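The values are calculated or read from the model by the stated rules, or taken from the named source; none is laboratory data. These figures come from a predicted structure and were not determined experimentally. Neighbour counts run over all protein chains shown; Cβ positions are idealised from the backbone, glycine included.
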Amino acid sequence: MPIKKINSIRLGRGMAPVKSASSPFTPKDFSNLIFWGKPQDLAVGTLTTVPDNSGQANDASQSTVASKPAIITTGIGTKNAIDFDGTDDYLSCNNLAPIIDGNDQAWSIHFAFKADVTGVTQVIFSLGDAVNTKQYMWFAALSTGGYRFAKQNDDPNRVNVDFGTSDTLEHVVSIIHKGTTTDIWFDGLKVADGAAQDTPTITASLFSFGAFVRNTVANYFNGKLGEVAVYSRANTDAEVGAIHRYLAAGWVSAVPTTIDLIMGAGQSNMEGRGLTGDASPSVARGTAYRYAASAL
């Protein structure tokens, strides 16, 4: 008997077509996004503004000609990135300061970066105040060879979270600030879990990329900054896993061999699209699984 060709399939009543694939994940999939900078979408040349793609209009900008960084094609991997020269370049995003400042304030920042030099202390982002000489919050590659997130109220009462070894490779970092404690993720691994941090008394008015900015500007970043996402709340571990995987896939040429992911109860895939695992439906919420990057 000849085989008849089926030209179409008629769905039964009440049935819907199955989607072939879910839409791609973006940082907008999670709530309270207040800044999303995408330098890969910007034209090559001197940079005046990094538009905020979160919809909150918290653009990062620089009006001083000598301090303007540039968008370059040889940025991070094959994508355009912001190039800071280590001399006088930085960007201001001061609208973020009052949102994330305050006692016990929760917020999160995620970004991809690549340093061009080592052996000098260079600040990648900072929270400060224009009339105050005291330090407040910052993330830096240290001259001593590691990375540091620092928070303090009065000199010298600073609480540091140190991790890693600074180098000139691409990296993805997430800092999840919960008011008096901080979680830090570095290249997919949770390197600080609930690290104690003090509660600053300074009222911050300045948020900057590429330098330590307060009443003076110092410790300029010599390197490249890729995509940045900032939230006005502490992201969950599952959300961090999704954002980290998204940034690593787009910006890191050598993806880490393992990535820590948190699987919620009854989930067969992560919060955030495209992150699948083999966890049993009976997995208790908060159980940690480590997956090979190739399996993601």
(message) Kindly evaluate Gly188 against the criterion of being buried (at least 20 other Cβ atoms within 10 Å of the Cβ), on the phi > 0 side of the Ramachandran plot and modelled with pLDDT under 85.
(response) no
(request) May I ask you to list the residues in the stretch 215-243 that are of a type in the set (Lys, Arg) and surrounded by fewer than 24 Cβ atoms within 10 Å (Cβ to Cβ)? (result) Arg233
(message) Would you confirm, using the coordinates I've provided, whether Phe139 is under 22 Å from Ser205 (Cβ atoms) and either modelled with pLDDT under 95 or buried (at least 16 other Cβ atoms within 10 Å of the Cβ) (or both)?
(response) yes
(message) I'm trying to understand the selection: among the residues of the stretch 54-76, which are within 17 Å of the chain's Cα centre (by Cα), assigned to a loop (DSSP other than H, G, I, E, B) and crowded, with 18+ Cβ neighbours inside 10 Å?
(response) Ser54, Asn58
(request) For the stretch 105-121, indicate whether the set of residues that are closer than 18 Å to Val217 by Cβ and buried (at least 23 other Cβ atoms within 10 Å of the Cβ) is non-empty. (result) no
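Conditions (1) more than 19 Å from Phe212 (Cβ to Cβ); (2) modelled with pLDDT under 95, marked per residue:
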site	(1), (2)
Asn32	yes, no
Thr49	yes, no
Pro69	no, no
Ile99	yes, yes
(message) Ile82 - would you say it is surrounded by fewer than 21 Cβ atoms within 10 Å (Cβ to Cβ), part of a strand (DSSP E or B), modelled with pLDDT of 95 or more and touching a strand residue (DSSP E or B) at 6+ places or on another chain (Cβ under 9 Å)?
(response) no
